[in-house]
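The values are calculated or read from the model by the stated rules, or taken from the named source; none is laboratory data. These numbers were taken from a predicted model, which means no experiment stands behind them. So basically every Cβ, Gly included, is an ideal-geometry build from the backbone, and we count neighbours across all protein chains shown. Note: areas computed on protein heavy atoms with side chains; ligands, DNA, RNA excluded. Shrake-Rupley method; radii C 1.70, N 1.55, O 1.52, S 1.80 Å.
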Amino acid sequence: MLSRVANNLIWLDRYMERGNGILNLLKVNYYANQDSPELFSWTPIIKNFTPPENKFDTEDAIECIDFMVFNTSNSNSILNIVTKARENARSVQEHISRELWLCINNYYLYLTNKDLPSRLREEDPIEFLEDLRKHHLIYYGTADNTQERGSSYYFMNVGKFLERVILISDFTSLKLNDIGNTSDSLEKSFYWKNLLLSVGGYQLYLKTHKSTFSEDHVISMVFQDKLFPRSVYYCINKLSRHINQLIESNQLERNNIEFLLGKLESTIKYTTIENIKTQGLHNFIYDIKEDIRNISLNINAVYFSQNN
């Protein structure tokens, strides 16, 4: 497969995964901000998902959501993300299912409807964000049910799980910054709950641990759970499988990608909560992101040009 095609397939899923994660974060923060604005500010989200030169600064919830969804000067606005995903999809139409192309194109047309921004200000913001998120869920279902299991499918999933690990790490770092600014145990539990909601793990956590919010249990679930599809371990395991499929089909060479993935997977799987706390969760997350960055650069260096 041509490197340009593979690169576009990877970034197609990276963009769609990023958009879904940001929308969920916006929805969860809106809920929390309405109840406790002093605890759940919009500023950290804006700073984390906009360029350093960004000057946007407000705590008005609707203005923040509008900025994160529609602002064309924000590279991580949903409109820009979906536009870039559509451009990648259009360039590889012969490698993806027709249904998947229509799914992305319809989402783009929905976002660019001139009447859509007024809905945010006239209707319930949660319903507005959920309507956008549904397009991402439809995308996942369409890809899973219509895309043949070949190199295109594997490259797309490499992009999805690379991006998901980065998002999980970023979301956790955001909450750790908040937790580090308080000594109140109740406030800390609010932040841990908020993290679980942001990564879609709150219901599973309650089923497993009932209503008690333990820092150890949250860390274990978010980073090491084998069955939670948004845990870091689960994502690395899936990433490793899809890359191995590409290697076996001669779409990737056996360089040190396998070693880097195996090392990261083992580190996450076998590091104890005590060891994570000893080195510091911030440092643990930093090392994961560095390993993911090296894996991504390793692929890019051999096959792809940058497309961020």
- Task: Confirm whether residue 139 is touching a residue at least 12 places away in the same chain (Cβ under 8 Å), more than 26 Å from residue 41 (Cα to Cα) and touching a Lys or Arg at 6+ places or on another chain (Cβ under 8 Å).
- Result: no
- Query: Taking into account only those residues within the stretch 159-190 that are β-branched (Val, Ile, Thr) and closer than 16 Å to residue 39 by Cα, which is least open to solvent (accessible area, probe 1.4 Å)?
  - Reply: 172
- Among the residues of the stretch 42-61, count how many are under 17 Å from residue 120 (Cβ atoms) and open to solvent by 40 Å² or more (accessible area, probe 1.4 Å). 3
- Filtered residues of the stretch 133-151 (kept if farther than 17 Å from residue 102 by Cα and open to solvent by less than 50 Å² (accessible area, probe 1.4 Å)): 150, 151
- Before we move on, is residue 189 among the small types (Gly, Ala, Ser) and over 21 Å from the mean Cα position of the chain (by Cα)? yes
- Can you give me the number of residues within the stretch 268-287 that are among the β-branched types (Val, Ile, Thr), part of a helix (DSSP H, G or I) and over 12 Å from residue 173 (Cα atoms)? 4
- Residue hits (the stretch 191-212; open to solvent by less than 40 Å² (accessible area, probe 1.4 Å) and among the small types (Gly, Ala, Ser)) are 198, 201
- Subset of the stretch 227-241 (residues that are in a loop (DSSP other than H, G, I, E, B), open to solvent by 50 Å² or more (accessible area, probe 1.4 Å) and modelled with pLDDT of 95 or more): 229, 230
- Task: Name the helices (runs of 4 or more DSSP H) wholly inside the stretch 68-125 in which the number of residues that are closer than 30 Å to residue 149 by Cβ and open to solvent by less than 40 Å² (accessible area, probe 1.4 Å) is 3 or more.
- Result: 78-91, 98-111
- Message: Checking residue 181 against (1) in a loop (DSSP other than H, G, I, E, B); (2) within 22 Å of residue 7 (Cα to Cα): exactly one of these is not met. Which one?
- Response: (2)
- Task: Report whether or not residue 246 is modelled with pLDDT under 95, over 17 Å from the mean Cα position of the chain (by Cα), of a type in the set (A, V, I, L, M) and not in a helix (DSSP H, G or I).
- Result: no
- Query: Which condition number in (1) farther than 30 Å from residue 34 by Cβ; (2) touching a residue at least 12 places away in the same chain (Cβ under 8 Å); (3) open to solvent by 40 Å² or more (accessible area, probe 1.4 Å) is the one that residue 130 fails?
  - Reply: (1)
- Task: Might you let me know whether the stretch 268-275 holds any residue that is within 22 Å of residue 160 (Cβ to Cβ), open to solvent by less than 50 Å² (accessible area, probe 1.4 Å) and either under 22 Å from the mean Cα position of the chain (by Cα) or at pLDDT 95 or above (or both)?
- Result: yes
- Answer yes if at least one residue in the stretch 35-58 is hydroxyl-bearing (Ser, Thr, Tyr), without any contact (Cβ under 8 Å) to a residue 40 or more places away in the chain and part of a helix (DSSP H, G or I), and no otherwise. yes
